[in-house]
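For reference, the structure discussed in these notes is given below.
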Amino acid sequence: MGVNNGRLQRSSGLSREAFTWIYGRGANSMERPAPRNCVDDDGSGARPAPGPGETDVRAQLDRILASAEFNVPERVRQFLSYVVEQTLAGHADRIKAYSVAVEVFGRDCNFDIQNDPVVRIEAGRLRRALERYYLLAGSPDPVLIEIPKGGYVPHFCWRADDLKQPKLPPGPAPVLKPQPSSSIVDWLKQPWLVGSAVALAIGSAFAFIWMADLSSPAASAKGPALQEGPSLIVKPFVNLSKNPDADMYAAGLSEEILAQLARFKELTVFGRETSVALAPGASAPDIRRRFGSRYVLEGSVRLSDDKLRITSRVLDGETAAIIWSEAYDADLRASSIVDIEMSIASKVATAVAQPYGILFRVPPAAASGTRPLPSLEAYQCSFRFYRYRTVLSPTEHAPTRECLEQITTRYPDHATSWAMLSYLYLDEDRFQLNRRPGSPTPIERARDAAQHAIRLDPQNVRALQALMTVLFFSNEPTEALRVGAQALALNPNDTELLGEFGSRVAQAGDWKRGAALLEEAMARNPGYSDYYVGILALAAYMQGEDTRALELIRRANLQRFAIYHFVAALIFARTGHETEAAESRALFLKLRPGFFADFEGELDKRNFNARDRAILTRGAVQAGFPVKPRLASGTE
């Protein structure tokens with residue numbers, strides 16, 4: 001088996017005829033919690049139509065199994081087919097860990113539920129795969145299939161907004177390619193993506209819109225003129241066990257990690273040819289002197305009795321210090337080696353390559369008395385951009401904007417610098433930071449910069465992320481979320497993008513789902529920004545979870561960011577903390593004195609839907625903000 005292939009077999013799962021012959025047909029009578037976005041979970045309490053029938057559910061199952069986004073091993077596909085068909089046959093009560101293990105995973109009748117976690121592990125993988133499918137290719141699908149936690153019986157329901165969005169055919173989404181004769185927005189308007197964000201954008205919301213700019217740098221230069229920093233070499237993983245089979249696992253893991261890291265374009269990763277040319281005993285300083293790479297990723301594999309332990313660490317070539325290390329354990333009896341390699345490689349790449357992560361915490365340094373290399377200049381602007389994003393203050397905004405303008409002038413083909421500059425221009429408008437008067441407007445400059453970045457590199461995730469944000473704040477939420485879904489499809493391991501996209505989902509009115517995406521991004525990237533915490537605080541507030549909102553807003557540390565104080569005032573006021581509410585109110589009005597002169601315009605600019613507009617206006621009145629009487633009376 002080619003362990004470094006990284007491609008899993010896709011098939012249609014168990015045959016429908018086989019299940020029908022064994023179990024017959026019937027109706028499922030068991031009640032289970034409804035999944036998100038169901039017709040009976042839209043907040044209205046109404047059930048406008050009965051649940052989907054057998055034909056509808058089986059058609060949806062076929063769509064899922066035929067999609068490239070549902071990229072899971074064969075046995076997970078069989079797991080899904082099994083529980084769906086059993087439920088449709090009226091045998092939901094038979095769906096237990098024991099029956100799944102025996103009938104799907106081939107365990108014998110002596111299967112020990114306590115000591116063999118195969119069903120629980122694969123159920124978790126199936127839930128994640130379904131979540132990803134419905135986030136991307138399945139976002140317009142009419143029927144939702146969910147496996148609620150705590151059991152293995154699926155729930156079927158109509159999507160709440162199904163009647164409001166177009167249907168897409170099953171199958172993988174095509175790869176977008178720019179058309180030289182049209183603008184980037186025109187060529188992004190491909191039919192397969194039109195529906196992917198409609199459901200999320202139906203209730204486009206105000207959200208922590210001002211706080212939710214989680215963009216990060218990144219990058220890809222068109223051509224060799226300007227490479228990215230920081231740079232990384234992946235040494236081949238070594239086999240530290242006596243079992244020669246581990247050599248195969250080590251080689252496959254090294255290849256998979258290289259493939260995963262290559263998706264992060266803000267990081268320069270030396271290719272396989274460089275990696276295999278390294279001497280086994282080469283130290284990080286030796287590698288830096290020879291290749292100029294500052295960081296080295298190395299690791300080892302140990303195999304014993306079907307138990308695999310993989311360790312990985314990153315060393316700084318300047319100091320030889322270990323700046324990150326982690327160990328992973330896997331059971332070859334519970335998962336295939338391909339699944340194990342892909343899972344661990346994804347975790348390693350995410351931990352190492354994330355913006356605000358381990359490689360981006362230390363500022364770049366040039367040799368004294370020399371002009372920085374082009375790659376170092378870009379890295380310095382990237383580092384400054386990250387630092388600005390942690391505080392969102394006017395004193396950091398101006399020099400960061402100037403740095404990026406200089407880089408894009410000197411190196412006009414550097415796509416990521418254009419993407420970052422787009423955010424700085426956008427912040428002139430939505431945050432009122434160092435706004436330049438005249439034409440073109442900040443929004444126009446931001447849009448031009450984002451579109452230019454994508455023309456330079458259509459698969460640059462940061463460029464797509466920037467365009468998503470600009471479109472959202474240009475009253476085009478549907479288009480924005482469509483572009484965001486495209487970016488996430490390009491690199492699902494990018495937690496910075498995941499957090500940004502989650503914030504947009506929340507702002508589009510789906511607070512529960514957006515918060516879940518944000519929490520996933522935070523769990524996968526310990527170096528997350530306080531932006532995430534602030535957005536989660538607002539999401540909790542909008543869902544009436546006041547205790548959680550209070551805890552989250554006190555965790556966030558964005559004292560120089562005006563909108564933080566606005567949201568804090570709302571939360572403090574509704575939870576009865578009057579002194580803190582007054583302090584936050586005063587700080588916000590000092591930083592944004594003209595905000596409530598056009599409160600309606602501020603809400604309109606941020607795509608705030610009617611329900612959320614009422615909640616925030618009512619909250620502003622309760623917090624003592626100078627809301628105009630006409631607006632205040634409309635909240636009663």
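The values are calculated or read from the model by the stated rules, or taken from the named source; none is laboratory data. Given the structure is predicted, the values throughout are model-derived calculations rather than measurements. Don't worry about glycine lacking a Cβ; one is built from the backbone with ideal geometry, like all the others, and counts go over all protein chains shown. Accessible surface is based on the protein model in full, side chains and every heavy atom, while ligands, DNA and RNA are left aside. Shrake-Rupley method; radii C 1.70, N 1.55, O 1.52, S 1.80 Å.
Some points to look at:
- Accessible surface ranking that places the most exposed of Cys157, Cys109 first, with a 1.4 angstrom probe: Cys109, Cys157
- Ranking Val269, Ala330, Ser304 by how far each Cα lies toward the positive end of the dipole of the stretch 243-341 (charges on Cβ) leaves Val269 at the top.
- Simple point charges give the picture: +1 on the Cβ of Lys and Arg, -1 on the Cβ of Asp and Glu, and for the stretch 582-636 a dipole about the Cα centre of about 40 debye.
- Checking every one of the GluC sites (Glu not before Pro) in the stretch 292-339 against DSSP loop status and a limit of 16 other Cβ atoms within 10 Å picks out Glu318.
- Ranked from largest to smallest solvent-accessible area, with a 1.4 Å probe on the protein heavy atoms, Lys628, Lys235 come out as Lys628, Lys235.
- Here the stretch 512-561 has 47 percent of its accessible surface on carbon and sulfur atoms, given a 1.4 Å probe and all protein chains in place.
- Each residue of the stretch 553-566 is assigned a 3J(HN,Hα), and the resulting list reads 5, 6, 6, 5, 10, 10, 5, 8, 9, 4, 5, 4, 6, 5 Hz, derived from the Karplus form 6.51 cos²θ - 1.76 cosθ + 1.60 (θ = phi - 60°), x at Gly and Pro.
- Solvent accessible area, Å² - Ser99, 1.4 Å probe, full protein context: 20
- A 1.4 Å probe run over the protein chains yields, for the stretch 369-480, 34 Å² of accessible area per residue, whole-number rounding.
- Distance between modelled label sites at Arg436 and Asp56, nm, 7 Å Cα→Cβ extension: 5.4
- Links that overshoot a 31 Å alpha carbon limit, given the list Lys242/Lys347; Lys347/Lys605; Lys347/Lys512; Lys149/Lys307; Lys149/Lys605: Lys347/Lys605; Lys149/Lys605
- Distance from the C-alpha centroid of the stretch 402-480 to that of the stretch 303-317: 41 Å, rounded to the whole angstrom.
- Top positive-direction residue, dipole computed over the stretch 89-148 with Cβ charges, set Leu136, Ile95, Ile121: Leu136
- Top positive-direction residue, dipole computed over the stretch 584-627 with Cβ charges, set Ser584, Phe595, Gly619: Ser584
- Gyration tensor over alpha-carbon atoms, the stretch 520-636, equivalent ellipsoid semi-axes in Å: 23, 15, 14
- In this structure Asp62 has an accessible area near 80 Å², from a 1.4 Å probe over the protein heavy atoms.
- Heavy atoms of Phe625: accessible area, 1.4 Å probe, square angstrom to 10: 10
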